[in-house]
1. Where residues in segment 127-155 are assigned to a helix (DSSP H, G or I), without any contact (Cβ under 8 Å) to a residue 24 or more places away in the chain and of a type in the set (Val, Ile, Thr), which of them is least open to solvent (accessible area, probe 1.4 Å)?
2. Just wondering, is there one or more residues in segment 5-13 that are open to solvent by less than 30 Å² (accessible area, probe 1.4 Å), of a type in the set (A, V, I, L, M, F, W, C), modelled with pLDDT of 90 or more and touching a strand residue (DSSP E or B) at 6+ places or on another chain (Cβ under 7 Å)?
3. Scan segment 97-126 and report the pairs whose first residue is in a helix (DSSP H, G or I) and whose second residue is acidic (Asp, Glu), with Cβ atoms within less than 9 Å and a gap of 6+ or a chain change.
4. Look at segment 49-62 and say how many of its residues are at pLDDT 90 or above, open to solvent by 60 Å² or more (accessible area, probe 1.4 Å) and not in a strand (DSSP E or B).
5. Mind listing just one residue for me: the one in segment 14-23 that is open to solvent by 60 Å² or more (accessible area, probe 1.4 Å) and in contact (Cβ under 8 Å) with a residue 24 or more places away in the chain and, of those, farthest from the chain's Cα centre (by Cα)?
6. So which residues in segment 25-48 are open to solvent by 70 Å² or more (accessible area, probe 1.4 Å) and either farther than 17 Å from ARG13 by Cα or in a loop (DSSP other than H, G, I, E, B) (or both)?
7. THR181: polar (S, T, N, Q), surrounded by 16 or more Cβ atoms within 10 Å (Cβ to Cβ) and at pLDDT 85 or above, yes or no?
Amino acid sequence: MKDEQILAYFDGRGTAEITLRGREVSQSNRIAAVAFELGYKLHETDIVTRGQWRLTYLRDDSPDVRQRAQRTMDRLRAGGPLFSHMSAPVGMPPVPGRQIAPMEAASARQNMTAYETHGARGLVVIAVLLGAAFLVLAWVARETIGGAVALLATAALLGVVAALTPRWMRSWYERNRRKVTRFDQQQSQRWGPPPPPAPPPPVRGNEWDGPRGNGS
């Protein structure tokens, strides 16, 4: 799928639904990066089969996101690149740490969504079930000392994995969160913070007091 095809999905519509097949699945990170630039956020990933994904994106209408999308569209209309350069403006020190590329940030953002949606429970359950299966096999093979010991060791290892998986997954989530935070800081440094909302218009007394402004 070419960039022009990806851009066509994020043309301002409220919902963008993209079906990926075969090798197109590997482009999910690039699609997420383009969606971010154009003001969309991933709502749902439906894995229909191993080789077919359905991605649903929703338009984010918050003012700073729409401003980012407008800058991207202006840059594209002027013949510029799809993704802006991440270098700091002249005379301003760069954000500490390694520069995060747009697609790396998109991947980290998707990883965060996956963890926030599913957590570590699924992996823990799988490890526990496998451990239980190896315990049963060890019992069946109890007359073969070497095989039973190996199966018991595998079951114990899976038990350790089940116990440590929540901590590993939380650490993995935090690494992705730090990447996204650093990317957002780099973006804010380049473009500056979003402008404050416009003040409400002043209330004119004569609109309430009648033509003469004195209530008569």
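The values are calculated or read from the model by the stated rules, or taken from the named source; none is laboratory data. Here the structure is a predicted model, which is why all the values come from computation and not from measurement. Positions of Cβ are generated from backbone atoms using ideal geometry, with glycine treated the same way; all protein chains shown enter the neighbour counts. We work out accessible area using only protein heavy atoms, side chains counted, and drop any ligands, DNA or RNA first. Shrake-Rupley method; radii C 1.70, N 1.55, O 1.52, S 1.80 Å.
1. By that ranking, first place goes to THR154.
2. Yes, there is a match, as at least one residue in segment 5-13 is open to solvent by less than 30 Å² (accessible area, probe 1.4 Å), of a type in the set (A, V, I, L, M, F, W, C), modelled with pLDDT of 90 or more and touching a strand residue (DSSP E or B) at 6+ places or on another chain (Cβ under 7 Å).
3. Close Cβ pairs (under 9 Å, with a partner that is acidic (Asp, Glu)) amount to PRO102/GLU37; ALA105/ASP184.
4. The qualifying residues number 1.
5. It comes out as ARG21.
6. Result: SER26, ILE47.
7. Answer is no for this residue.
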